[in-house]
Amino acid sequence: MKKRWYERMERMAESFRLPIDAAVGALRIEILSGCEVLVENHRGLLDFDDNMICIGAAHHLVKINGSKLKIIAMDQSQLRVSGKISSVELS
Amino acid sequence: MLKWLIRYVRGYTAVQVTGAYPERFANVLSKEGIPFWNLHRKGKALRLNIFTRDQKRTASLADPDNQILFDPQKGMSKSLRVFRGRELLITGLALAVLFLMFSNSVILRIEIEGNVSVTDAEILAALRDLGVDIGTVCRTVHSQWLKPRILLRIPELSWFYINITGSVATVSVRERTEAPKILDEDLTMDVLAGKSGIVKKIEVYRGTAKIDVGDTVLEGDILISARVESPFAGERYVNAAGKVYCDTWYTVTIDLPLVVYEKQYSGHDKTIFDLIFSGRRINLTILSGIPYEFYDKIQLKRQIVLPGGYPLPFIIEKTVVSEYNLSEVRLAAATAELSAKKALTDLLKETVGSGGRVESVRILSSQTESVLSLTLYAHCFEEITAK
């Protein structure tokens, strides 16, 4: 039910040419030069160690791999990870 | 850098979370809106930093399965903790700092240099009229603006400058030197009689004497003429010079009232205190009105000085008002006559000057009910020439 509503909202935002992340709070990931990742509209931290951070999102799971990973700032909607990032997986 | 500074000023503490699923703790903190940073794994534990003020709330949010350890606090708030319970000390320190900042921005002392005949009080009064006094804010004092205004108020000054160093205003002045009166020796000029009298002695240096010994001259008569006649050079005009000594007579009458009004102090005094700061006057006395009809007023101004001689920009003005009544006093005729005679004799000596002498003096007195009349008759010998 919730998924269908979300898809409808996505379609509506598309038809109105609105940015989806702003309209429906879609997941947004920014990677800065392999040393910092910004994740917006997350749903919380699922797993965390020096080499991997697993972050929950609305309909996705974000997995950040690397070394010496550290969360430099986190609030209810944004999460900023720093360290040596090797890959970001979205599933 | 800015973030670090904000965190340092606000104070922060490191938290170590151990137990099952410590990641949940980070989620709970973000959900509750508690800011944290530097989240990293240390062994099995999770470490993060929070602001000191969130410490209690963080501890209450911890899951029962998790164990939380707080590191000692860091940042400025820890340094400021030593002042806890010493609010008076902090207030005193803050006031001292504020006072130092304030006292450096106002004039606390005015020093005057370079004046000889113009008194300090005259210069200070002129400055006060123009808004410069103890307590005036230094940056509002502009020497260029003051200079023409001060020179207009005190014509005896030719130059003025005010230099403010710290809270001391140094006023430098130069007084005007009057140009000497130059007499042109080439001008043709007669010597006239300054007073009336009978000529006793004539000394002619230049010119022709128009009088002889024994002649009577009136004030304004020509004594020595500028016109010189010579059988060889003919007629010519010179700057006449010479001295003419005469017998002169003076008659001076004065009327002295025998009934005068004298002040009789009633013994009722009133003291009024005012605080003067930066030209503003604050009345410190309740009911400061003066209830007396006739009174004398004595004002004393005193700058407040801290122990050690450090002046403050406040002046306490003490005004003592003394009531008096006017009462009629009848002077003793003999005493009044004596003092009047002395006054007349002094006046005569001043008129004759140091070059002449008083040959004889006679003072006659007559008295009505309220007036004593004295008439002085004097015979003098003096020089009467005038250009």
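Coordinate-derived values only; no laboratory data. Nothing here was measured: the structure is a model prediction, and the numbers come from that model. Using ideal geometry, Cβ is built from the backbone for each residue, glycine included, and neighbour counts are taken over all protein chains shown.
Could you tally the net charge around B:Glu113, taking each other residue with its Cβ under 11 Å from the Cβ of B:Glu113, Lys/Arg +1 and Asp/Glu -1?
Cβ neighbours under 11 Å give a net charge of -1.
Do any chymotrypsin sites (Phe, Trp or Tyr not before Pro) in segment B:283-337 lie in a DSSP loop with no more than 13 other beta carbon atoms within 10 Å, and if so, which?
Taking segment B:283-337 and a limit of 13 other Cβ atoms within 10 Å, the loop chymotrypsin sites (Phe, Trp or Tyr not before Pro) found are B:Phe294.
Taking the mean number of other Cβ atoms within 10 Å as a proxy for protection, how do you rank B:329-338, B:118-127 from highest to lowest?
Top to bottom by mean Cβ count within 10 Å: B:118-127, B:329-338.
Find the relative contact order for chain B and round it to a whole percent, using C-alpha pairs within less than 8 Å whose residues are 6+ positions apart.
Value for chain B: 13 percent.
Give the order of B:Thr368, B:Thr170 when sorted by the count of other beta carbons within 10 angstrom, beginning with the fewest.
In increasing order of surrounding Cβ atoms, one gets B:Thr368, B:Thr170.
Greater than 19 Å separation of Cα atoms is the criterion. Which listed pairs, A:Lys70/B:Lys3; B:Lys195/B:Lys243; B:Lys3/B:Lys74; B:Lys263/B:Lys297; A:Lys68/B:Lys3; A:Lys70/B:Lys42, meet it?
Distance filter (> 19 Å) returns A:Lys68/B:Lys3.
Taking segment B:144-181, which trypsin sites (Lys or Arg not before Pro) meet the DSSP loop condition and have no more than 13 other C-beta atoms within 10 Å?
When the trypsin sites (Lys or Arg not before Pro) of segment B:144-181 are filtered for loop state and at most 13 Cβ neighbours within 10 Å, B:Lys181 remain.
Place a +1 charge on the Cβ of each Lys and Arg in the protein assembly as shown and a -1 charge on the Cβ of each Asp and Glu, then give the dipole magnitude about the Cα centre in debye, rounded to the nearest 20.
4280
Nearest 10 degrees is fine. How inclined is helix A:2-15 to the longest principal axis of chain A, computing both from alpha carbons?
Approximately 80 degrees, to the nearest ten.
Given B:Thr335, B:Ile315, B:Phe381, which one lies farthest toward the positive end of the charge dipole of segment B:297-387, if we put +1 on the Cβ of every Lys and Arg and -1 on the Cβ of every Asp and Glu?
Of the options given, the answer is B:Ile315.
For B:Val137 and B:Thr335, calculate 0.36 nm times their separation in residues minus their Cα-Cα distance, and state this gained length in nm to one decimal.
Full-extension gain reported as 65.5 nm.
Starting from the 7 Å offset along Cα-to-Cβ, what nm value, one decimal, do you get for the label separation of B:Val97 and A:His60?
Taking the two extended label points, one gets 5.0 nm.
About its Cα centre, what dipole magnitude does chain B give when the only charges are +1 on Lys and Arg Cβ and -1 on Asp and Glu Cβ, stated in debye to the nearest 20?
Charge dipole of chain B: 4260 debye, to the nearest 20.
Once all Cα-Cα distances of the protein assembly as shown are split into 20 Å bins that start at 0, what whole-number percent is in each one?
14, 19, 20, 18, 9, 11, 8, 0
Which one of B:Gly197, B:Gly166, B:Gly355 has the biggest mean-square fluctuation once chain B is modelled by GNM with Cα springs under 10 Å?
Evaluated over chain B, the most mobile residue of the options is B:Gly355.
Rounded if a/c is under 1.5, else prolate if a/b is larger than b/c, else oblate: which is segment B:229-387, with a ≥ b ≥ c the root eigenvalues of its Cα gyration tensor?
Oblate is the answer for segment B:229-387, as a/c is 1.5 or above yet b/c matches or exceeds a/b.
How shielded is A:66-77 by partner chains, expressed as the average number of their Cβ atoms within 10 Å of its Cβ atoms?
5
I need A:Cys35, B:Cys380, B:Cys246 ordered by Cβ neighbour count within 10 Å, fewest first.
Least to most surrounded, the residues fall as A:Cys35, B:Cys380, B:Cys246.
What's the ranking of B:202-209, B:233-240 by average number of surrounding C-beta atoms within 10 Å, highest first?
So the peptides B:202-209, B:233-240, ranked by packing, come out B:202-209, B:233-240.
Size of the dipole of segment B:53-138 about the Cα centre, Lys and Arg at +1 and Asp and Glu at -1 on the beta carbon, nothing else charged, in debye to 20?
Charge dipole of segment B:53-138: 740 debye, to the nearest 20.
Counting other C-beta atoms within 10 Å, which of B:Val17, B:Val260, B:Val244 has the fewest, and how do the rest follow?
Ordered by Cβ neighbours within 10 Å, fewest first: B:Val260, B:Val17, B:Val244.
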